[in-house]
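The values are calculated or read from the model by the stated rules, or taken from the named source; none is laboratory data. All of these numbers come straight from a predicted model, not from anything done at the bench. We place every Cβ from the backbone using ideal geometry, glycine too, and count neighbours over all the protein chains shown. Ligands, DNA and RNA are excluded from the accessible area calculation, which covers all protein heavy atoms including side chains. Shrake-Rupley method; radii C 1.70, N 1.55, O 1.52, S 1.80 Å.
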Amino acid sequence: EFKEDIVKEADYGVVGTKKFTCKDCGYSYTEDINALGAKDNEIVLQDGKTLDKTYDGSAVDVSDKFSFSGNGEVTLMFKAQGADDNTYAATAPKNAGEYTVKVSVEGTAEWKAATKTFDFAIAKKVLTASGTKKYDGNATMPATLTGVVAGDAVTATITMTSKNVGATVQSVTLAGADKDNYVV
């Protein structure tokens, strides 16, 4: 008749050991205890957190937005929605548009590796345009924009329905390197 003792507990990724000792003669031997298998892991967006934002000139902030089990290393990769998967890059987007972030967490002894994608949008920032001018015989005038992010290159031109006094606004056109981040 053998007495069974646990010499070393099995854990996730760690083989344990059991020792069996005969109660009468003292003969003993050991056996391995199989390591525990890694558990499935799931990446989720934390309650109350969102990736969507309005353009403000800064990159989207994804810090502390996701939860998962374990302490595996996290990798974040970004691409424009609909772009090929080989276009993922580590740089977080800052310009207005629709994007996908791929969140990957490395496996640990206790938790399996996991990857999940999340779609989000950076909305265009709304600007206000205003302008006045003295009659000069043409239907366009430069506009003064309110709400432009400091350092952005964007200008506006107002086109009136006619060149005559009392005409109404037909359109406002944005120009400049950062124009696609705004709407008037």
So for the range 117-184: antiparallel DSSP bridges make up what percent, rounded to the nearest 5? 85 percent
Please report, in debye to the nearest 20, how large the charge dipole of the chain is about its Cα centre when each Lys and Arg carries +1 at its beta carbon and each Asp and Glu carries -1 there. 1220 debye
Could you please state, rounded to a whole Å, how far the C-alpha centre of the range 1-70 is from the C-alpha centre of the range 112-164? 53 Å
Which of these, LYS39, LYS134, LYS112, has the largest mean-square fluctuation under a Gaussian network model of the chain (Cα springs below 10 Å)? LYS134
How many nm separate the modelled label positions at ALA35 and ALA80, each set 7 Å beyond the Cα in the direction of the Cβ? 4.4 nm
Accessible-area composition of the chain, carbon plus sulfur, in percent [1.4 Å probe]: 48 percent
Solvent-accessible area of GLU4, probe 1.4 Å, all protein chains present, reported in Å² to the nearest ten, please. 100 Å²
Taking every DSSP beta bridge with both residues inside the chain, roughly what % is antiparallel (nearest 5)? 90 percent
What are the aspartates and glutamates whose alpha-carbon lies under 13 Å from the alpha-carbon of LYS18, with same-chain residues fewer than 8 places away excluded? GLU4, ASP5, GLU9, GLU31, ASP32
Under a straight-distance cross-link criterion of Cα-Cα below 18 Å, which lysines are reachable from LYS112, leaving out those fewer than 8 residues away in the same chain? LYS39, LYS102
Tell me the per residue accessible area of the chain using a 1.4 Å probe; a whole number in Å² is fine. 62 Å²
Tensor-based shape of the chain (alpha-carbon gyration tensor, a/c under 1.5 rounded, otherwise prolate or oblate): prolate
Out-of-range pairs (alpha-carbon distance over 31 Å; input LYS8/LYS49; LYS49/LYS179; LYS53/LYS134): LYS8/LYS49; LYS53/LYS134
Along Cα→Cβ, 7 Å out, is where each label goes; now give me the distance between the ones at ASN138 and VAL7 in nm to one decimal. 9.2 nm
